[in-house]
Amino acid sequence: MLLPSSLARCLPEDFSGAADLTLPEDLRWIVEDRIAGLPRRTREALLVAAVAASPTMELVSSAASPGTALEGPIEAAVAAGIVRLEGTQVRFAHPLFAAGLYSSASPGQRRLAHRRLVPLITGIEEQARHRGAGGGEARGGSGRCAGRRRRTRPAARCARGRR
């Protein structure tokens, strides 16, 4: 059984997501053992939820299994007590489950989850974070300016909006 005081010590004060959390080995083993019992499609969907800043059923469904419904896999995670649904939001029952999913995924699985989110995210900063974590270029502005820089325009002039 995980004691609340043990769990609290594992979370940094500025915790902002699964990638920010490193679990002690014994705690990681307990969390990963619980997650390992879930079906593969459920773990894939939950990895997307773990890397998204604000996962919704629609976002997770679109990113995890394009073209297929995710109700079954998410329901399995809800039944297992890993996540809960709050309206359309997918919330982990505890941040340790998100961290366990992230740490148990291979680097390739993590990159794929991030890459799948890039076209679905509208915020520039979050999109850049997923692009960078997915192995792509993490540019912080519009692609238009980035393209200009490559064609010889200095970055400062492009950033100021000069043509």
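Here, each number is a calculation from the coordinates, and none is a lab measurement. All values reported here derive from a predicted model rather than from experimental measurement.
Using the Kirkwood formula on the Cα atoms of the stretch 16-120, what hydrodynamic radius do you get, in angstrom to one decimal?
Averaging 1/r across every pair of different Cα atoms and inverting gives 13.4 Å.
Show me, for the stretch 106-122, the HN-Hα J-couplings you get by feeding each phi into the Karplus relation (A = 6.51, B = -1.76, C = 1.60, θ = phi - 60°), rounded to Hz, glycine and proline as x.
6, x, x, 5, 5, 4, 5, 4, 5, 4, 5, 7, 3, x, 9, 9, 9
Can you list residues whose amide H is under 5 Å from THR56's amide H, if they're 5+ apart or on another chain and H is modeled 1.01 Å from N?
Those lying under 5 Å, H to H, from THR56 are VAL90.
From the convex hull of the Cα coordinates of the stretch 97-137, what is the mean projected area in square nanometres?
If I average the Cα hull's projected area over directions, I get 2.9 nm².
Taking amide hydrogens as modeled 1.01 Å from N in the peptide plane, which residues meet the under 5 Å criterion relative to GLY136, leaving out close sequence neighbours?
Residues meeting the amide H criterion: none.
If you average the sequence gap of Cα pairs under 8 Å that are 6 or more apart and divide by the length of the stretch 32-101, what percent do you get for the contact order?
Reported as a whole number, the value is 37 percent.
From the phi angles alone, apply the Karplus equation (6.51, -1.76, 1.60; θ = phi - 60°) to the stretch 31-38 and give each ³J(HN,Hα) in whole Hz, x where the residue is Gly or Pro.
5, 5, 5, 5, 6, 4, x, 7
Can you list residues whose amide H is under 5 Å from VAL83's amide H, if they're 5+ apart or on another chain and H is modeled 1.01 Å from N?
VAL78, ALA93
Each residue of the stretch 90-96 in order: what ³J(HN,Hα) in whole Hz does its phi give by Karplus 6.51 cos²θ - 1.76 cosθ + 1.60, θ = phi - 60°, with x for Gly and Pro?
9, 10, 6, 4, 8, x, 5
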